[in-house]
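For reference, the structure is listed below as structure tokens.
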Amino acid sequence: MEFRCEYGSTKNSLRACIVGLIAFLSACDLFTSTDCNAVAAYALRVAVIDSASGLPPNSTPSLTVTDGAFSESHPAPNLGGGSVNEFLAAKERPGEYQVVVRAAGYADWTRSGIRAERQGQCRILQTVQVNARLRKL
């Protein structure tokens, strides 16, 4: 964006130029400022699927996530529909997680070292998508 002002010989043209420059500089803030009023985010979004069929497991899965002394459990998915059961976990809590998914008739599914971090100018928590593909016993 560029602002040009041609200097005239009258006070009115100089005044118009100054007003235009002030308006231009005020508009610059519209392009450079960042709105950091973000919505709360979850650290993890875990989708649970039967690895053989690609459909939700035949039994209700449960989820446990841990990060050091922090632990959060869900006895059933808190999101659902479509071809997977899904969980949201660790609201507004960055960390390095171990994720365990259990469902009757399936081997436990465990992953460690799943890292959720704040990123960007506003330090917004970036949700990590985890796909738990359960294997039947």
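Computed from the coordinates by the stated procedures, all read-outs in this text should not be read as laboratory data. Quantities reported herein were computed from a predicted structural model and do not represent experimental measurements. So basically every Cβ, Gly included, is an ideal-geometry build from the backbone, and we count neighbours across all protein chains shown.
How are the C-alpha pair distances of the range 42-134 spread across 5 Å bins, as whole percents from the shortest bin up?
For the range 42-134, the binned pair fractions read 3, 14, 27, 23, 16, 10, 4, 1, 0, 0 percent.
What's the local net charge at Asp50, with K and R +1, D and E -1, over the other residues with C-beta under 9 Å away? Spell out each step's value before the answer.
On the way: positive: Arg133, Arg135, Lys136; negative: none.
The answer is +3.
Whole-Hz Karplus ³J(HN,Hα) for the range 107-121, in order, using 6.51 cos²θ - 1.76 cosθ + 1.60 and θ = phi - 60°, x for Gly and Pro?
Whole-Hz 3J(HN,Hα) from phi for the range 107-121: 5, 4, 10, 10, 9, 10, x, 7, 9, 10, 10, 8, 9, x, 4.
Taking only the alpha carbons of the range 89-131, what extent do you get along each of the three principal axes, in Å, biggest first?
Largest first, the range 89-131 extends 45, 16, 14 Å along its Cα principal axes.
Using the basic label-point model (7 angstrom from Cα toward the beta carbon), what is the Ser59 to Glu92 distance in nanometres?
3.6
What number comes out for the charge environment of Ala90, summing +1 per Lys or Arg and -1 per Asp or Glu over other residues with Cβ under 9 Å away? Please report the intermediate quantities before stating the final value.
On the way: positive: Lys91, Arg93; negative: Asp67, Glu72, Glu92.
With Lys, Arg at +1 and Asp, Glu at -1, the neighbours total -1.
Explain nothing, just compute: Karplus ³J(HN,Hα) = 6.51 cos²θ - 1.76 cosθ + 1.60, θ = phi - 60°, for every residue of the range 92-97 in order, whole Hz, x for Gly and Pro.
After applying 6.51 cos²θ - 1.76 cosθ + 1.60, I find 6, 9, x, x, 10, 10 Hz.
Can you give the local net charge around Gly113? Use residues other than it whose beta-carbon is closer than 14 angstrom to its beta-carbon, Lys and Arg +1, Asp and Glu -1.
Taking every other residue near Gly113 into account, the sum is -1.
Tell me, rounded to the nearest percent, the portion of alpha carbon pairs in the range 66-114 spaced more than 18 Å apart.
Summing the P(r) of the range 66-114 above 18 Å gives 36 percent of all pairs.
Under a 5 Å amide H to amide H cut-off, with H placed in plane at 1.01 Å, what residues pair with Arg93 once short-range neighbours are removed?
Ala43
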